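Below is one structure; the comments refer to it alone.
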Amino acid sequence: MAIICSICGKKQSGFIADFPLSDNDPGNRICAACEERKQGCIRTLEFNTQNYPNAKEIFLSCVADPIPSVKQEIDSMIKDWDNQYQTKFEEDEEWAKDIIRKEMEEKAKEAQIAEWNQKFRDMMTTSGFNFEGWRITKYIKVISAETVLGTGFASEFSASVANLLGTETDKFAKKFEQAKDSSLSKLISKAIDLNANALIGVDFDYPLIYNNIIAVIASATAVDVEKVEE
Ligand SMILES: [Zn+2]
């Protein structure tokens with residue numbers, strides 16, 4: 001017996017598969033092509049939300065003068081899909097907003113780091129107590145920072161002093177230099193945290209802790225300076 005597709009109205013003959021109009025209305029049958037268009041809408045809702053309006057248009061374009069009960073069921077399916085679409089759309093929007101918010105946070109963080117790096121580069125330092133052409137407007141705090149050179153250092157060092165070729169002492173001189181740089185960097189970091197823009201009276205001290213640990217201590221007064229107007 002021939003079956004008429006209740007959506008497109010096309011006559012189905014032979015053994016061509018037919019499908020229920022919906023779970024609510026299994027009595028009305030639809031053709032494979034209409035079923036595919038229906039599933040197309042459902043799939044987009046699941047996996048490809050922004051394509052749903054397009055899929056819906058394709059589905060609706062094939063609806064041909066259905067009987068009232070079928071029309072009602074189609075309307076109800078569409079309403080249900082539209083609701084799902086709206087919800088998904090809002091979720092996607094929320095998700096997109098979240099991405100943008102995170103990107104902005106990331107950028108703000110980068111800007112903060114860049115600003116900090118700039119302050120680090122701009123920090124003025126002197127072992128003296130003033131800068132030519134600048135006026136100290138505020139003495140903020142005396143600060144210090146240390147770097148510890150590992151155990152065994154002193155004994156290695158005293159042994160190497162005896163090395164007349166000097167290569168070993170060069171190695172330790174380099175190590176000292178690195179420790180000095182490290183202490184000064186820490187000192188500048190502290191000064192940035194205190195909103196200082198200059199360090200005066202920068203001094204290094206090398207106390208021997210126990211027998212074999214040496215520290216490099218950098219100290220200075222964190223100040224705020226401004227350029228003297230001509
Ligand atoms: Zn059909």
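The values are calculated or read from the model by the stated rules, or taken from the named source; none is laboratory data. Everything numeric here is computed off the predicted structure, so don't read it as measured data. Cβ placement follows ideal geometry from the backbone for every residue including glycine, while neighbour counts extend to all protein chains displayed. Just the protein is used for accessible areas: all its heavy atoms, side chains included, with ligands, DNA and RNA removed. Shrake-Rupley method; radii C 1.70, N 1.55, O 1.52, S 1.80 Å.
Quick notes on this structure:
- For the pair residue 117 and residue 135, the difference between a 0.36 nm per residue extended length and the Cα-Cα distance amounts to 4.1 nm.
- Toward the positive end of the charge dipole of region 46-147, with +1 on the Cβ of Lys and Arg and -1 on the Cβ of Asp and Glu, the farthest Cα among 50, 72, 143 is that of 143.
- When Rg and Dmax are taken over the Cα atoms of region 1-63, they come to 12.3, 40 Å.
- Comparing 219, 144, 22 in a Gaussian network model of the chain, where Cα atoms under 10 Å apart are tied by springs, the biggest mean-square fluctuation is seen for 22.
- When +1 charges are put on Lys and Arg Cβ atoms and -1 charges on Asp and Glu Cβ atoms, the dipole computed for region 12-125 relative to its Cα centre reaches about 280 debye.
- Cross-link reach list, lysines versus residue 97, counting only Cα pairs under 22 Å and skipping chain neighbours closer than eight places: 88, 107, 109
- Computed in the context of the full set of protein chains, the accessible area of region 1-76 at 1.4 Å probe radius has 55% of its extent on carbon or sulfur.
- The charge dipole of the chain, taken about its Cα centre with unit charges on the Cβ atoms of Lys, Arg (+1), Asp and Glu (-1) only, comes to about 260 debye.
- Accessible surface area normalised per residue over the chain is 67 Å², counting heavy atoms of protein chains with a 1.4 Å rolling probe.
- When the alpha carbon gyration tensor of region 54-159 is reduced to an equivalent ellipsoid, its three semi-axes come out at 74, 22, 11 angstrom, largest first.
- Cα-Cα P(r), the chain, percent of pairs per 5 Å interval: 1, 6, 9, 9, 8, 6, 5, 5, 4, 3, 3, 3, 4, 5, 5, 5, 6, 6, 4, 2, 1, 0, 0
- Extension gain, residue 95 to residue 16, is 24.1 nm, computed as 0.36 nm per intervening residue step minus the present C-alpha separation.
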